[in-house]
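Student: Following this message is one structure expressed as structure tokens.
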Amino acid sequence: MDIFVDVVREQRALLLNAALRAAHELGVVELLLECSAVESKTAASVATALGVNERRLTPLLDVLAAEGVLHRETQGSNRLYRAAYVPAYKRESCGDWDRLARVIRTDTHLPERAETLESYLSYVDARSSVVAPIVWRSVAPAPGRLLDLGGGLGAYSRAFLEIDPGNTSAVIDVPPVVDVALAIVSQTDPRLEWIAGDVREVVLERCYDVALLANVLHLYGDRCCRDLLRRAAAALRPGGLLVIKDLYLMPDCSGPLTGLYFALNMAVYTESGGVHQVADLERWLAGVGLGDVRVVKLSELPDSVVVTARHP
């Protein structure tokens with residue numbers, strides 16, 4: 001039901017083939033086969049041996065482990081990998097993922113393609129329009145004013161407005177996204193406001209009852225995520241609710257497949273993004289002074305997680 005679930009369901013074989021190809025081009029399988037008879041290796045030691053970036057390599061190792069290409073075991077905080085067998089792959093295209101090995105080797109992400117922005121946003125909005133009501137039902141926000149950070153075409157805001165006639169919402173996103181929203185989203189509801197700007201830079205007033213980061217934090221690294229949460233918390237009135245909705249990874253990063261493949265996708269397209277652990281979200285929320293942190297797992301969205309916290 002959620003955004004990346006369909007991609008994995010429909011294109012898993014193609015994505016796995018691209019991962020296998022990257023593993024061969026980088027020499028991952030060969031290295032781990034050489035080491036298997038002696039010892040398993042951490043992601044850091046594999047990255048060092050191959051001379052590549054650990055942050056971009058680790059999601060590839062986790063995907064290969066989940067797909068049975070690598071054996072993985074956990075020792076304390078370390079995940080150890082060794083090769084299970086030598087997998088074959090086909091010479092077939094997987095779009096940008098054909099450059100996965102180069103992305104990992106050079107530690108450079110691929111740029112967004114501007115010509116696909118409107119179709120991509122429309123696709124995300126259609127899927128989010130189904131998911132948003134489920135999320136709002138799970139957290140039961142009090143009526144008031146919503147700050148929708150990185151809200152795209154406003155699916156979550158529109159669903160929030162439907163909850164109560166007195167609700168209002170401000171959607172913040174970068175100017176190209178807001179331009180698309182203003183062109184294709186109905187402007188008949190005066191309760192919905194659009195603000196063009198970077199969510200990391202827009203000046204925010206403390207006038208919101210709910211702040212939402214839906215599928216936003218995975219675009220950024222740890223430091224930026226902490227800063228975004230600090231900004232969102234500062235925009236909340238006392239007693240206000242902060243809501244995070246994002247992809248889910250198990251604590252040992254063994255699944256689900258959607259989260260693992262999406263983490264690898266973030267290695268392709270972002271500077272430092274990834275699927276963040278729930279424990280990290282909880283720690284960051286406490287670190288910005290929010291309390292009553294709650295984790296909600298939704299049966300309708302098993303590959304996602306919702307985390308909420310309250311302004312004191």
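Student: Provide the solvent-accessible area of TYR123, counting protein heavy atoms only and rolling a 1.4 Å probe, rounded to the nearest 10 Å².
Tutor: 90 Å²
Student: Here's a follow-up. What is the Cα coordinate range of the stretch 47-97 on the first, second and third principal axes, sorted by size from largest, in whole angstrom?
Tutor: Sorted largest first, the three principal extents are 39, 23, 17 Å.
Student: Could you tell me which of rounded, prolate or oblate describes the stretch 170-209, using a ≥ b ≥ c as the square roots of the eigenvalues of the alpha-carbon gyration tensor, with rounded for a/c under 1.5 and, failing that, prolate when a/b is larger than b/c and oblate otherwise?
Tutor: oblate
Student: Using the Kyte-Doolittle scale, find the helices of the chain whose mean hydropathy is at least -0.5 and whose Cα atoms extend 24 Å or more along the helix's long axis, counting only whole DSSP H runs.
Tutor: 3-26, 117-139
Student: Assuming R0 = 35 Å, what is the FRET efficiency of ALA49 and LEU14, from their Cβ-Cβ distance, to the nearest 0.05?
Tutor: FRET efficiency, ALA49 to LEU14: 0.80.
Student: Starting from the Cα-Cα distance between SER77 and ARG237, subtract it from 0.36 nm times their residue separation and give me the gain in nm to one decimal.
Tutor: Between SER77 and ARG237, full extension yields 53.8 nm more.
Student: Now a separate question. Could you work out the longest stretch of the chain that avoids the GluC sites (Glu not before Pro) located in DSSP loops with at most 11 other Cβ atoms within 10 Å?
Tutor: The segment 93-200 is the longest one with no such site.
Student: How high is the FRET efficiency from GLU34 to THR106, r the C-beta distance, R0 25 Å, rounded to 0.05?
Tutor: It comes out at approximately 0.55.
Student: List, largest first, the extents of the alpha carbons of the stretch 1-40 along their principal axes, each in whole Å.
Tutor: Taking max minus min along each principal axis of the Cα atoms, the stretch 1-40 gives 43, 19, 12 Å.
Student: As a test of the formula, what do you get for the chain when each DSSP H run with n ≥ 4 contributes -39,500 (n - 2.57) and the sum is divided by the residue count, at 222 nm and rounded to the nearest 500 deg cm²/dmol?
Tutor: My calculation for the chain gives -14000 deg cm²/dmol from helical runs alone.
Student: Using the heavy atoms of the protein chains alone and a 1.4 angstrom probe, what is the accessible area of the chain per residue in square angstrom?
Tutor: 44 Å²
Student: Further question on the same structure: For the chain, what is the percent of antiparallel DSSP beta bridges, rounded to the nearest 5?
Tutor: For the chain, the DSSP antiparallel bridge percentage is about 50.
Student: Could you list the trypsin sites (Lys or Arg not before Pro) in the stretch 1-93 that lie in coil according to DSSP, counting only those with at most 13 other Cβ atoms within 10 Å of their Cβ?
Tutor: LYS90, ARG91
Student: What percentage of the solvent-accessible surface of the chain, computed with a 1.4 Å probe over protein heavy atoms, is contributed by carbon and sulfur atoms?
Tutor: With neighbouring chains kept in place, the figure for the chain is 52 percent.
Student: Quick check: Cα centre of the stretch 44-110 to Cα centre of the stretch 252-312, how many Å?
Tutor: Centre-to-centre distance over Cα atoms comes out at 21 Å.
Student: Beyond 24 Å, what share of the Cα-Cα pairs of the chain remains, rounded to the nearest whole percent?
Tutor: 55 percent
Student: Moving on to the next point. Using Cα positions and a limit of under 23 Å, work out the lysines in reach of LYS245, with same-chain residues fewer than 8 apart set aside.
Tutor: Answer for LYS245, where 23 Å is the Cα cut-off: LYS297, listed by chain and number.
Student: Classify the stretch 166-241 as rounded, prolate or oblate, taking a ≥ b ≥ c as the square roots of the eigenvalues of its Cα gyration tensor: rounded when a/c is under 1.5, otherwise prolate if a/b is larger than b/c and oblate if not.
Tutor: Note, shape of the stretch 166-241 comes out oblate.
Student: Over the stretch 195-312, what number does the Rg to Rh ratio reach, with both radii from the alpha-carbon atoms and Rh per Kirkwood?
Tutor: 0.96
The values are calculated or read from the model by the stated rules, or taken from the named source; none is laboratory data. Computed from a predicted model, the values in this text were never measured in an experiment. Here Cβ is always computed from backbone atoms with ideal geometry, including for glycine, and neighbour counts include all displayed protein chains. We work out accessible area using only protein heavy atoms, side chains counted, and drop any ligands, DNA or RNA first. Shrake-Rupley method; radii C 1.70, N 1.55, O 1.52, S 1.80 Å.
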